[in-house]
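Participant: Handing you a structure now.
The values are calculated or read from the model by the stated rules, or taken from the named source; none is laboratory data. The structure presented is a predicted model; accordingly, all values stated were derived computationally and were not measured. Ideal geometry is used to build each Cβ from the backbone, glycine not excepted, and the neighbour counts take in all protein chains shown. Heavy atoms of the whole protein, side chains included, go into the accessibility calculation; ligands, DNA and RNA do not. Shrake-Rupley method; radii C 1.70, N 1.55, O 1.52, S 1.80 Å.
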Amino acid sequence: MPQNSKIPESKSQEKPMHEYSIVSALLEQCDEYASAHDADVDVVVVGIGVCSAIEPKLLQSAFETFKEESEHARSATLQIEIQPIVLQCGACGAQSEIEDTRYGACPKCQSPSVQIIQGRDMLLLRLEMLESKSQHTPSATP
């Protein structure tokens, strides 16, 4: 390899942008819910599917960075629950949780007619909110 050759960037170096855009959208959604309920976000619980292409550590880091820009989630913590892959068989209808991401057939009947019904997405599972601090601020009276 020539000494002056540029080494291509690895995909792991590109990934934070993916997580940053996800966190940005997540915090926007949190702010909308909190604003509608005149509350502040205390805990954000998300489910990340094994096949979602989201790196939990990068998501956590992005959340810590961008929550400072949030109106209602500046003090929030992020809890991540890893969601397993669940297949549904088109032949026998069985739903099966699998551990190996290389699947080819239904574990029950061996039919190749399977579909992933869980494990590819990131879901907002729960928001824990507190009464907004602005509600406790006494207003000055003349």
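Participant: List every residue pair whose Cβ atoms lie under 6 Å apart, where the two residues are 6 or more positions apart in sequence or sit on different chains, the first residue falls within the stretch 29-41 and is without any contact (Cβ under 8 Å) to a residue 60 or more places away in the chain, and the second residue, located anywhere, is of a type outside the set (Asp, Glu).
Facilitator: So the pair list comes out as Asp31/Ser70; Asp31/His72.
Participant: Mind checking which residues of the stretch 42-60 are closer than 15 Å to His18 by Cβ and touching a residue at least 24 places away in the same chain (Cβ under 8 Å)?
Facilitator: Once the filter is applied, which keeps residues that are closer than 15 Å to His18 by Cβ and touching a residue at least 24 places away in the same chain (Cβ under 8 Å), the stretch 42-60 yields Val46, Ile48, Gly49, Cys51, Ser52, Ala53, Ile54, Glu55, Pro56, Leu58, Leu59.
Participant: I need a count of the residues in the stretch 30-65 that are assigned to a helix (DSSP H, G or I) and surrounded by 15 or more Cβ atoms within 10 Å (Cβ to Cβ).
Facilitator: Qualifying residue count, the stretch 30-65: 11.
Participant: Does at least one position in the stretch 73-82 carry a residue that is modelled with pLDDT of 95 or more, open to solvent by less than 10 Å² (accessible area, probe 1.4 Å) and touching a helix residue (DSSP H, G or I) at 6+ places or on another chain (Cβ under 9 Å)?
Facilitator: yes
Participant: Anything in the stretch 35-57 that is modelled with pLDDT under 95, among the hydrophobic types (A, V, I, L, M, F, W, C) and in contact with an Asp or Glu (Cβ under 8 Å, 6 or more places away or on another chain)? List them, or say none.
Facilitator: Ile54
Participant: Just to be sure I understand, how many residues within the stretch 19-29 are among the acidic types (Asp, Glu) and open to solvent by less than 30 Å² (accessible area, probe 1.4 Å)?
Facilitator: 1
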